[in-house]
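Asks: The structure that follows is given in the form of structure tokens.
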């Protein structure tokens, strides 16, 4: 129990119950008494620690999708948590992830629990991170893309938002247009309007309620939206 102190000392809330709670109970061990633990408690409120733990559960599903867990993927998770949440959180995240990886994750049920307790903008941030995990070895495999697509559907992510995030990681001739969720044939005014909408949708402040560290982690996605807009502006020659 001691090695997961910061993860279970408070703030997990809804993540201690349902399918995610069952997975954590297996990983953490004696902290849970399955005979006394409720199987369902949904608050409809996103919590930072609940967000991070449920993210690790989905990460494990993506990592195992192609039948192998790569060192590069573990390193990506470790570096991500170190950069955004500090050394202590990084160590604990990897320890917990290694235990979660030993289990079979009921993806649909886990996503249902996440959807009922994590706001939409935070779910988009989850999807962004999952694509980063899949691309850690340099390529997103068909199996990884399939499981991420399934996760997105179960999480209730809209198709346009999925395609936008996907385009940030998978090369495509229309990559920058897809990020902004517009057609390459769109007029300049449409592109400007789309950029303003995307800048609002993906602004880091949308997940600031999860803590400053999560907000900072969301900045990468926001920067990609700005980059896409700048590339299109330069290509088309408008301001």
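The values are calculated or read from the model by the stated rules, or taken from the named source; none is laboratory data. Since the model is a prediction, treat every value here as computed from it, not as a measurement. Glycine gets a Cβ as well: all are built from the backbone with ideal geometry, and neighbour counts include every protein chain shown.
Asks: Of all residues in the range 207-239, count the ones that are more than 20 Å from residue 83 (Cα to Cα) and in a helix (DSSP H, G or I). Please lay out each step first, then the result.
Replies: Residues of the range 207-239 that are more than 20 Å from residue 83 (Cα to Cα), as a first pass: 225-239.
From the residues that got through so far, the ones that are in a helix (DSSP H, G or I) too are 225-236.
Adding up the residues that qualify gives 12.
Asks: Does residue 118 satisfy the condition of being more than 20 Å from residue 20 (Cα to Cα), in the same structural domain as residue 51 (by TED's automatic domain parsing) and surrounded by 20 or more Cβ atoms within 10 Å (Cβ to Cβ)?
Replies: no
Asks: Show me the helices (runs of 4 or more DSSP H) entirely contained within the range 89-186 in which 3 or more residues are within 15 Å of the chain's Cα centre (by Cα).
Replies: 107-117, 120-134, 142-154, 159-167
Asks: Would you check which residues across the range 129-149 are under 14 Å from residue 64 (Cα atoms) and either surrounded by 19 or more Cβ atoms within 10 Å (Cβ to Cβ) or without any contact (Cβ under 8 Å) to a residue 60 or more places away in the chain (or both) and list them?
Replies: 130, 131, 133, 134, 135, 136, 140, 142, 144, 145, 147, 148
Asks: Go through the residues of the range 197-205 one by one and say whether even a single one is out of contact with any strand residue (DSSP E or B) (no Cβ under 8 Å at 6 or more places or on another chain), surrounded by fewer than 21 Cβ atoms within 10 Å (Cβ to Cβ), farther than 23 Å from residue 235 by Cβ and touching a residue at least 12 places away in the same chain (Cβ under 8 Å).
Replies: Yes, the range 197-205 contains a residue that is out of contact with any strand residue (DSSP E or B) (no Cβ under 8 Å at 6 or more places or on another chain), surrounded by fewer than 21 Cβ atoms within 10 Å (Cβ to Cβ), farther than 23 Å from residue 235 by Cβ and touching a residue at least 12 places away in the same chain (Cβ under 8 Å).
Asks: Let me ask you something else. Can you name the number of the only condition in (1) crowded, with 20+ Cβ neighbours inside 10 Å; (2) over 22 Å from residue 210 (Cβ atoms) that residue 126 fails?
Replies: (2)
Asks: Now for a different question. Looking only at residues in the range 206-225 that are farther than 18 Å from residue 166 by Cβ and free of Cβ contacts under 8 Å to residues at least 60 places away in the same chain, which one is surrounded by the most Cβ atoms within 10 Å (Cβ to Cβ)?
Replies: 215
Asks: Counting only residues that are touching a residue at least 40 places away in the same chain (Cβ under 8 Å) and under 15 Å from residue 227 (Cα atoms), how many does the range 178-191 have?
Replies: Here the count works out to 3.
Asks: Just to be sure, is residue 108 closer than 22 Å to residue 22 by Cα, in the same structural domain as residue 146 (by TED's automatic domain parsing) and surrounded by fewer than 16 Cβ atoms within 10 Å (Cβ to Cβ)? Spell out the reasoning first.
Replies: Values: closer than 22 Å to residue 22 by Cα: yes; in the same structural domain as residue 146 (by TED's automatic domain parsing): yes; surrounded by fewer than 16 Cβ atoms within 10 Å (Cβ to Cβ): yes.
So residue 108 fits the description; yes.
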